[in-house]
1. Which links in A:LYS208/A:LYS284; B:LYS46/B:LYS163; A:LYS257/A:LYS278; B:LYS46/B:LYS99 stretch past 26 Å when you go from one Cα to the other?
2. Sequence gap at least 6, Cα distance under 8 Å: using those rules, report the relative contact order of chain A to the nearest whole percent.
3. Could you give the spread of the C-alpha atoms of chain B along their three principal axes, from largest to smallest, in whole angstroms?
4. From the backbone phi of region A:272-284, what are the Karplus-calculated ³J(HN,Hα) couplings (6.51 cos²θ - 1.76 cosθ + 1.60, θ = phi - 60°) in whole Hz, Gly and Pro given as x?
5. Between A:ALA315 and B:LEU15, what is the label-to-label distance in nm when each label sits 7 Å out along the Cα-to-Cβ direction?
6. Using θ = phi - 60° and the Karplus curve 6.51 cos²θ - 1.76 cosθ + 1.60, what whole-Hz ³J(HN,Hα) does each residue of region A:174-179 get, with Gly and Pro shown as x?
7. Please give the charge dipole size of the protein assembly as shown, origin at the Cα centre, charges +1 on K and R Cβ atoms and -1 on D and E Cβ atoms. Round to the nearest 20 debye.
8. I'd like the accessible area for A:TRP314: 1.4 Å probe, protein heavy atoms, all chains in place, Å² to the nearest 10.
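The values are calculated or read from the model by the stated rules, or taken from the named source; none is laboratory data. All values derive from a computational prediction rather than experimental measurement. Reconstructed Cβ throughout: ideal geometry from the backbone, glycine too, with neighbour counts over all protein chains shown. Calculation scope for accessible area: heavy atoms of the full protein, side chains included, ligands and nucleic acids excluded. Shrake-Rupley method; radii C 1.70, N 1.55, O 1.52, S 1.80 Å.
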Amino acid sequence: MNLLNAVIVGFKEIWAHKFRSVLTMLGIILGVASLVGMSALVKGMENGMKEALVAIGGLEKVRLDENDIPAYQRNLADQAVGCTMNDVYALQKSAPMIKMVTPEMRLRDVTITRGAKFFTPYVFVGTWPNALEMNQHIVEHGRMFNEIDDELARNVCIIGTDTRDALWGSPDDLGYELNPVGQRVSIKHQPFTIIGMFQHYESERERKVRELAKLKPAPVHTNSPTRSKGWGKKGSSYVYTLKNSTVYIPLNTMWVKFRSTAGSNNIPDARLSALSVKVRDVEKLEQSIQQAHNVLMHTHKGIEDFAFQTQEDWADNINRAIKNYRISGGIIAVISLLVGGIGIMNIMLASITERIREIGIRKAIGATFTDIFVQILVESVVIAIMGGAAGLLTSMGLVHLLAYLSPTDNTPQITLNALAIAFAFSVGVGILAGLIPAFKAARLHPIQALRYE
Amino acid sequence: MALIEVRNVSKLYHLGGEEIRALDDVSLDIDAGEFIAIIGPSGSGKSTLMHLLGCLDSPSKGTLRLDGTMIEKATAHQLSRIRNQKIGFVFQFFNLLPKLTVQQNVELPMIYSGLSGRERRERSLAALKLVGLENRAGHRPMQISGGQQQRVAIARALVNNPKIIFADEPTGNLDSNTGDAILELFRQLSREGRTIALVTHDPEIAAVTPRRIEIRDGKIAREVDARLAGLDRSSRAPQTAAAASPVQP
């Protein structure tokens, strides 16, 4: 008996017991659907986390900060130079594995005022125009300052949406999107012109919450006093909050207007707060950092007063979290698939008991052990394959349902891999479940099987 | 050399520590082309003998040779192949598969011998024509009468051109008229040169065959061969008839 015949016989057998077969398949359908749904959820979470990682500049961005001098060099502390523009030029000239260098000069507790309104951004930085690319900023209105603005130390700034929201009002308050380009503000009592504004950064979750809120009617006013409900809401998307609360001015402006008089004891302080570099090839992150380190050891006169900060930990955390979700979800889904497999085995055992006589007849007219074994196994596998295929369809519906039930979470995403693995698993379970019944059926003695009533 | 050579065959069963001799030292030859009846009351061991001759079982002792193959040494797989290629069975309860059509039932042995679909259809139709049921090919076994079912079973037994056909009480479940018609069919097949062994408890039925072997308590009690007595004019020499086969493709 060839395989095609076995498959046809298997289909007939399943068709003859439609209800029973569907019930049996249900186990596999649910197992496959839960496996695919679980992996789609995890994939959605992964997408959200990776998005945040990209938002801070991606894995290829490495920050260079000042650091405490190691103990054995403490005696050289007086000669430590810190991060300066020398480092920037040296890296540009001598570190080919570094694609881009961006100097940053930061000022703390800067207040931007417009009339009676004021705002203190988290990040107030003098930098180069390439900070736009370095930190993955997108300009929504106006423009980024350019090299000429920097060269001439113009009083221009580009702001994040938080500054606009605080000084003029957010789109929700005003009812329209205000474009602040061209407006004048005062930063530390210096007049500045806003020449650009970044787009509003938010995670998929925040965007969905906002869109959902639009659809709902306005909140009913209660008599309870207005209050701040804490930072819990913003905590989850710290990255985006930080980006929205950013103000950039040209590096030279920062140096000329603020920093040259702001050093301790009014001595000009030419040091940079930090510098960001972008490596050419993330695969060679280790070597790139080593190269940058070697260059910097020259400019720092051999004193290691700096340290590198990468996003590797962040990426590792993402991967670890994803792996945990995957393992715990996978175990549950696989168990439910196994339960489905046990269901198949149960039905196949019942089915061969019903068909002992048929097996006896088939054996009497010449079916071998292999013929019967293959026939029963194929039946079991056919049930599993049909269940698996139906499960894949069900999983599409399940994923839509999941997205509908929790509209604010990351959209679950079905991957081809997940489909393939779930389907392969269901077929494997079908084979495993069919083995014992097939063996029992094939081993039947023809005479005893024929006599069975 | 005879088609079937049975030499000192015994079959023992163990039931609750007690040894039961279903067959005790039986020797017997069946030539190609013979029409033979194995008779005996129930429990006499005639069914056990048929199972051994039909390669459904292996003997405990003795040797059994079918068409030159030593049965007692064959594996289960080889026995299956022999049953498929060289033996046809007709049972008392027809033993057709109810879910398959008449034609599919007849095709079943050929599926296990690996014939192509086209050849299976041609040969199964030819076999059904031989038993006069070609117009019932698409029916289910439950939709035709008992006599017709038994004819389908005979067609199934014939379809692989076996060396020998075993019929176990083929009329046991039929009324006497249909039973007679079935017996007439067997007689006709025998005239065409088929080797047929009829197993029955009924001496009347056994009377249609020229040669009768009576089994009692696992032993051959009596053997009657009408041809040796010169009484049966219709019997022909086995060699002349063996070649004729209506289902030959």
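1. A:LYS208/A:LYS284; A:LYS257/A:LYS278; B:LYS46/B:LYS99
2. Relative contact order here is 33 percent.
3. Sorted from largest, the Cα extents of chain B read 48, 42, 34 Å.
4. 8, 6, 6, 9, 9, 10, 10, 7, 6, 9, 4, 4, 10
5. My value for the distance between the label points is 7.9 nm.
6. 7, x, 8, 8, 8, 9
7. Roughly 940 debye for the protein assembly as shown.
8. Counting only protein heavy atoms, A:TRP314 exposes about 80 Å² to solvent.
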